[in-house]
Amino acid sequence: MSNIQYSFLVGLIGAGIQASRTPAMHEREGAEQGLRFLYKLIDLEKLDLGGDALPELLTAAERMGFAGLNITYPCKQSVIPLLTDLSDDARALGAVNTVILRNGQRIGHNTDWWGFVESFRRGLPDVKLDRVVQLGAGGAGAAVAHAALTLGVKKLTVFDLDLSRSQQLATELASRFGNGRAIAGADLGGAMAEADGLIHATPTGMAKHPGLPLPAKFLEPQLWVAEIVYLPLETELLRTAKDIGCRTMNGGGMAVFQAAEAFRLFTGITPDTERMLRHFASMWTGH
């Protein structure tokens, strides 16, 4: 009995994260599992810190006995050099959203891609996956692109404001999944005209970054649209796509499933994902 841990201190490092639902999800599931689970927000914006504070924050978390940390925008890639080891997924993706702190080790994992896969299978089953456009090639984008090809997307065209970033991601994906499976896009209008679906993986649409990530004229009723932003749950992109007649998937499911897998990594206990989904839904209807 003495080796069983019942108390966990974890946190989230990111910028502009005050509205995050992640602490509530983890703490509620911890309580349901009979654990004392405390989840702290470490908001770079609120602390008036830049990304250069990351080494100091990781050291502080270790010293204070944190079991681990979730990592979000803008630190999913910059945290990697500060870690002692990476899971195979995190190494392949070049992005980390969960760090386990144990016995002086800092082990980086990525649960984002799994979260997207599980959410997509529920939210958009049986959609056509021949040609898909993805907006965003950052830390979240890398995970979601990996998920899309795992789900069976035949050709993924990736766009990013930084062309070198989309080219690098496409090259990495092609090396894992095969030539031609992923390319960096240059003509968004042309790619959208041929696409079956759109995956959005940029911060546009978040409360702090309102607006549409692409011109509305590129959306057609036969498209499906998958969003990873969940604050707000209905982004301007989803609202516009629904009005046009597209099938849509919001970012809520990915948020829950990535949290569920992170909870398992932090505690060694498999959470009840159905219960976590119900709790997540109640957070929106209850306000």
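What's the local net charge at Phe177, with K and R +1, D and E -1, over the other residues with C-beta under 11 Å away?
Neighbourhood net charge equals +3.
Within segment 176-214, list the residues whose amide N lies under 19 Å from a label point set 7 Å along Cα→Cβ of Leu163.
182-192
Could you give the spread of the C-alpha atoms of the chain along their three principal axes, from largest to smallest, in whole angstroms?
59, 40, 36
Give the carbon-plus-sulfur fraction of the accessible surface of segment 1-106 in %, rounded to a whole number; probe 1.4 Å, heavy atoms of protein chains only. Present the calculation step by step, with values, prior to reporting the outcome.
Working: 2650 of 5430 Å².
Ligands and nucleic acids excluded, carbon and sulfur give 49 percent.
Comparing Gln167, Gln18, Gln77, which has the greatest mean-square fluctuation in the GNM of the chain with Cα pairs linked when under 10 Å apart?
It is Gln18.
Beyond 18 Å, what percent of the Cα pairs of segment 108-212 remain?
The proportion of pairs with Cα distances above 18 Å equals 45 percent.
Within a Cβ distance under 10 Å of Leu93, other residues only, what is the Lys/Arg minus Asp/Glu net charge?
My count for the surroundings of Leu93 gives -1.
Using Cα-Cα distances under 8 Å and only pairs 6 or more residues apart, what relative contact order does segment 198-287 have, in percent?
Here the relative contact order equals 22 percent.
Along the charge dipole of the chain, Cβ charges K/R +1 and D/E -1, which of Ala90, Met283, Gly138 sits furthest on the positive end?
Checked the options; the winner is Met283.
In segment 1-66, which GluC sites (Glu not before Pro) are in a loop and have at most 15 other Cβ atoms within 10 Å, using DSSP for the loop call?
Glu45
Net charge near Gly34, counting Lys/Arg +1 and Asp/Glu -1 over other residues with Cβ under 14 Å of its Cβ? Present the calculation step by step, with values, prior to reporting the outcome.
Details: positive: Arg28, Arg36, Arg275; negative: Glu27, Glu29, Glu32, Asp272.
Spelling it out: positives minus negatives among the neighbours equals -1.
Using only the Cα atoms of segment 192-287, construct the convex hull and provide its projected area averaged over every direction, in square nanometres to one decimal.
The directionally averaged projection comes out at 7.3 nm².
Over every pair of different alpha-carbon atoms in segment 238-287, take the mean of 1/r and invert it; report that Kirkwood radius in Å. Don't jump to the answer; show the numbers that get you there.
Working: mean 1/r = 0.0800 Å⁻¹.
Value: 12.5 Å, from the Cα pair sum.
Which whole-number value in Å² is the accessible area per residue of the chain, probe 1.4 Å? Please list the in-between numbers first.
On the way: 13050 Å² over 287 residues.
Per-residue accessible area for the chain comes out at 45 Å².
Can you tell me which of Gly189, Gly16, Gly104 moves the most in a GNM of the chain? Springs connect C-alpha atoms under 10 Å apart.
Gly104
For Lys242, which lysines qualify as cross-link partners when the Cα separation must be under 18 Å and same-chain residues fewer than eight apart are set aside?
Partners within reach: Lys128, Lys217.
With contacts defined as alpha carbon pairs under 8 Å and 6 or more residues apart, what's the relative contact order of the chain in percent?
16 percent
Using a simple spin-label model with points 7 Å from Cα along the Cα→Cβ vector, what separation in nm is obtained for Met283 and Asn103?
That separation, rounded to one decimal, is 3.3 nm.
The values are calculated or read from the model by the stated rules, or taken from the named source; none is laboratory data. What you are looking at is a predicted structure, and each value in this text was computed from that prediction instead of being measured. Cβ coordinates were reconstructed from backbone atoms using ideal geometry, including for glycine residues, and neighbour counts include every protein chain displayed. Areas reflect the complete protein model, heavy atoms only, side chains present, ligands, DNA and RNA absent. Shrake-Rupley method; radii C 1.70, N 1.55, O 1.52, S 1.80 Å.
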